[in-house]
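The values are calculated or read from the model by the stated rules, or taken from the named source; none is laboratory data. Quantities reported herein were computed from a predicted structural model and do not represent experimental measurements. With ideal geometry, Cβ positions are generated from the backbone for all residues, glycine too; neighbour counts draw on all protein chains shown. Remember, those area values only see protein heavy atoms, side chains included, never the ligands or the DNA or RNA. Shrake-Rupley method; radii C 1.70, N 1.55, O 1.52, S 1.80 Å.
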Amino acid sequence: MLLARCSQKKFITNHTLVLENLLINLEGAISFGRSKISYSSLSPEVQIHPAELPRKLQRMERKPWVVDVNVLKRRARLDKQMRFEVRENILKPPENGLLVKELVPVAHKVFVAREELFGCVSRVMDSIPVHKCLSCGEVHVGNVPNEIKTCNAASSPFTVEHNWERGRLEDVLPVVETFHLYDRVGRAVSHEERLLVDRIPAILELCVQAGVDLREYPTRRRAFPVYNVSGRIIDYEKRFPKDEFSGKDIDEFGFWEKRERRNRNTQSSNLLSNDLQECATRGMSAWEEMRSGAMKLMQKYAVQTCGYCPEVQVGPKGHRLRQCQSYKHQMRDGQHAWQEATVDDMMPPVYVWHVPKSYENTPLSDKFKRYYGKLPAAVELFAQAGAKVSEQYSSLMREDVAVPTMDEEKLVV
């Protein structure tokens, strides 16, 4: 009996060792096989979209959360508990209605950079054409439109080819509008006031709330902060202080009845030089300064966006309009699913195919689309005009990937 038990234990031990060695050998073979796969032999979908390029969301997908959902739930529970406690909750700028003094120069720089960016793009587009597909809205920057068959519109032809037309400034720099708030600490815009309140570009509204004073878009500047007692905002100032406006040109909603909208293209064109490369360099620096400055402002000044549609509202809370027509809007009574916004929500970059220098007068081929990179339309426009592209777009441009010719394409492994 003892010999039988000993032989049984030895058999189990040997069997376990054999299985462990077999698993180790299998893992080594799998890793060796993976290491032999070259980058060019991957599927085209993997090569077209680098890791930095944002993925296009499906119709029923929600935008990624900036703050984790569990953190938001924890904050909501704490706010609910504080409402039952009769005590003052100390608010810091800009939540108490005051400006953040350190960010006022940043807001002015973003405002000036935005004006200069639109002027530079308009100037460069006179020399470098921009094309737009009539069916799907895809944009291409260059002298010759591309031949890449990526038109996914329902009205597109069977060949999935684009139907190009001459593009405009809004195709390169799309403008996202938001409601202008006279008092950012006040109540949200209701559904009945949707036609009474002005809508302005979101980045411009962010600059106004951060300290830029524009006469055509008045806003309330407080000298004393508001107070939060048991979840309620208490304001001891008058509605229209005497040192701000006289009040004769302001209607009941706090907006000017007669205003003169400035033409940013005519103002900026006087400041631009005739040198195309210098104009593109200034536009590239304005693009980077506007986005970096907006990120600094959004760390303090809250911006909300809908999780399912492109709607944006600059302020501590979203509006109450019932106009959302995205996924499951019936369950929200047409209201938006508000969440914290990002810079891309306020200034959505339009990604276009990057045209290498050797393809300036040659259309991009559909067979080699896995070797081409992508860039935002404004960056690609300035890059073709001679401006230097920053290193943060180097992985998107894919300059390290050599585009083969028709004869060499058969030899690619």
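Among (1) without any contact (Cβ under 8 Å) to a residue 24 or more places away in the chain; (2) among the polar types (S, T, N, Q); (3) assigned to a loop (DSSP other than H, G, I, E, B), where does Q323 come up short?
(1)
Go through V100, V160 for me and flag whichever is of a type in the set (A, V, I, L, M), free of Cβ contacts under 8 Å to residues at least 12 places away in the same chain and over 20 Å from L381 (Cβ atoms).
V160
Can you name every residue in the stretch 291-320 that is open to solvent by less than 10 Å² (accessible area, probe 1.4 Å) and either part of a helix (DSSP H, G or I) or of a type outside the set (G, A, S) (or both)?
Result: G293, A294, L297, Y301, V303, T305, C306, V312, Q313, V314, H319.
Name the residues in the stretch 208-235 that are of a type in the set (A, V, I, L, M, F, W, C), free of Cβ contacts under 8 Å to residues at least 12 places away in the same chain and within 18 Å of V110 (Cα to Cα), would you?
Across the stretch 208-235, the qualifying residue is only L214.
Of everything in the stretch 99-113 that's open to solvent by less than 40 Å² (accessible area, probe 1.4 Å) and farther than 19 Å from L181 by Cβ, which residue is farthest from the chain's Cα centre (by Cα)?
It comes out as V106.
So which residues in the stretch 157-186 are open to solvent by 30 Å² or more (accessible area, probe 1.4 Å), in a loop (DSSP other than H, G, I, E, B) and farther than 30 Å from T219 by Cα, if there are any at all?
P157, F158, T159, V160, E161, N163, R168
Within the stretch 68-89, restricting attention to residues that are in contact (Cβ under 8 Å) with a residue 24 or more places away in the chain and open to solvent by 30 Å² or more (accessible area, probe 1.4 Å), which residue is nearest to W287 (Cα to Cα)?
D79
Would you check if L375 is touching a strand residue (DSSP E or B) at 6+ places or on another chain (Cβ under 6 Å) and not in a loop (DSSP other than H, G, I, E, B)? Spell out the reasoning first.
Working: touching a strand residue (DSSP E or B) at 6+ places or on another chain (Cβ under 6 Å): no; not in a loop (DSSP other than H, G, I, E, B): yes.
Here the answer is no, as L375 does not meet what is asked.
Pick out the one residue from S326, S365, S358 that is at pLDDT below 90, among the small types (G, A, S), closer than 30 Å to V160 by Cβ and surrounded by fewer than 16 Cβ atoms within 10 Å (Cβ to Cβ).
Unique residue meeting the criteria: S358.
Against the condition at pLDDT below 90, open to solvent by less than 70 Å² (accessible area, probe 1.4 Å) and not hydroxyl-bearing (S, T, Y), how does V403 come out, does it pass?
yes
For the stretch 139-155, what are the residues that are over 26 Å from D344 (Cβ atoms) and either without any contact (Cβ under 8 Å) to a residue 60 or more places away in the chain or open to solvent by 80 Å² or more (accessible area, probe 1.4 Å) (or both)? Step through it out loud before you land on a result.
Taking the stretch 139-155 first, the residues over 26 Å from D344 (Cβ atoms) are 143-144, 147, 149, 154-155.
Those that are over 26 Å from D344 (Cβ atoms) and either without any contact (Cβ under 8 Å) to a residue 60 or more places away in the chain or open to solvent by 80 Å² or more (accessible area, probe 1.4 Å) (or both): N143, E147, K149, A154, S155.
Looking at (1) open to solvent by less than 20 Å² (accessible area, probe 1.4 Å); (2) among the hydrophobic types (A, V, I, L, M, F, W, C); (3) modelled with pLDDT under 90; (4) over 30 Å from M82 (Cα atoms), find the lone condition where V226 falls short.
(4)
What do you reckon, is N96 outside any helix (DSSP H, G or I), in contact with a Leu (Cβ under 6 Å, 6 or more places away or on another chain) and open to solvent by less than 40 Å² (accessible area, probe 1.4 Å)?
In short, no.
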